[in-house]
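The values are calculated or read from the model by the stated rules, or taken from the named source; none is laboratory data. This is a predicted model, so every value here is computed, not measured. Backbone-built Cβ (ideal geometry, glycine too); neighbour counts: all protein chains shown.
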Amino acid sequence: MIRVEHVLDSWRAIRQDTAAAVEDFPAGELDFRPTADVDSFHPIACHIPGAADGDFTSGNLRERVKAFPRHLPAEPTAALAARPARFLAQLIARLDRQRVTRLEMIQAIKEHELTHRAQLFLYLRLKGIVPAATRHRLAKQSSQ
């Protein structure tokens, strides 16, 4: 059985890492793309907070990221965690009309965001920047 707390905690960590990646990327290089046929850093980074707040038009990424929570807003996370198991087990329809449970939908959204976090991490690495998640893990290892 998948524990709701684990899903929400890992989703929160993914969003923290995404926000840190945006903060770490050089401000003047947001249009960087490794090859001409892939998105630049900017639209990939905007995708997650844009989907969260419904604003796909704002061009000032750094200002949007300031508003983009480093943590999932406590209210929705707490509200989801407080819901009874039967609520999260209820079937809902995705955009493609496939029927999934609410928890499966949360997991799918989390996995989608994880993919974009990985893209941002790759772009950071190509710029010679170690992602914050790796820096934190290395610091923890060196202190043990």
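Restricting attention to the range 21-33, which residues are part of a helix (DSSP H, G or I) and either in contact (Cβ under 8 Å) with a residue 24 or more places away in the chain or in contact with a strand residue (DSSP E or B) (Cβ under 7 Å, 6 or more places away or on another chain) (or both)? Those that are part of a helix (DSSP H, G or I) and either in contact (Cβ under 8 Å) with a residue 24 or more places away in the chain or in contact with a strand residue (DSSP E or B) (Cβ under 7 Å, 6 or more places away or on another chain) (or both): Ala21, Val22, Glu23, Asp24, Ala27, Glu29. I'd like the full set of residues that are under 15 Å from the mean Cα position of the chain (by Cα) and either part of a helix (DSSP H, G or I) or farther than 19 Å from Thr18 by Cβ (or both), limited to the range 124-144. If the condition is that a residue be under 15 Å from the mean Cα position of the chain (by Cα) and either part of a helix (DSSP H, G or I) or farther than 19 Å from Thr18 by Cβ (or both), then Ala132, Ala133 are the ones that fit.
Could you go through the range 88-98 and let me know if any residue there is in a helix (DSSP H, G or I) and at pLDDT 85 or above. Yes. Screening Gln144 against (1) at pLDDT below 95; (2) more than 30 Å from Leu88 (Cα to Cα); (3) surrounded by 14 or more Cβ atoms within 10 Å (Cβ to Cβ) leaves a single unmet condition, (3).
If I filter the range 84-113 down to residues being surrounded by 15 or more Cβ atoms within 10 Å (Cβ to Cβ) and of a type in the set (D, E, K, R), which single residue comes out as nearest to Asp17 (Cα to Cα)? The selected residue is Glu113.
This table checks each residue for (1) modelled with pLDDT of 90 or more; (2) among the aromatic types (Phe, Trp, Tyr); (3) assigned to a helix (DSSP H, G or I); (4) closer than 29 Å to Met105 by Cβ.
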| site | (1), (2), (3), (4) |
| --- | --- |
| Trp11 | no, yes, yes, yes |
| Thr35 | yes, no, no, no |
| Asp39 | yes, no, no, yes |
| His42 | no, no, yes, yes |
| Ala52 | no, no, yes, yes |
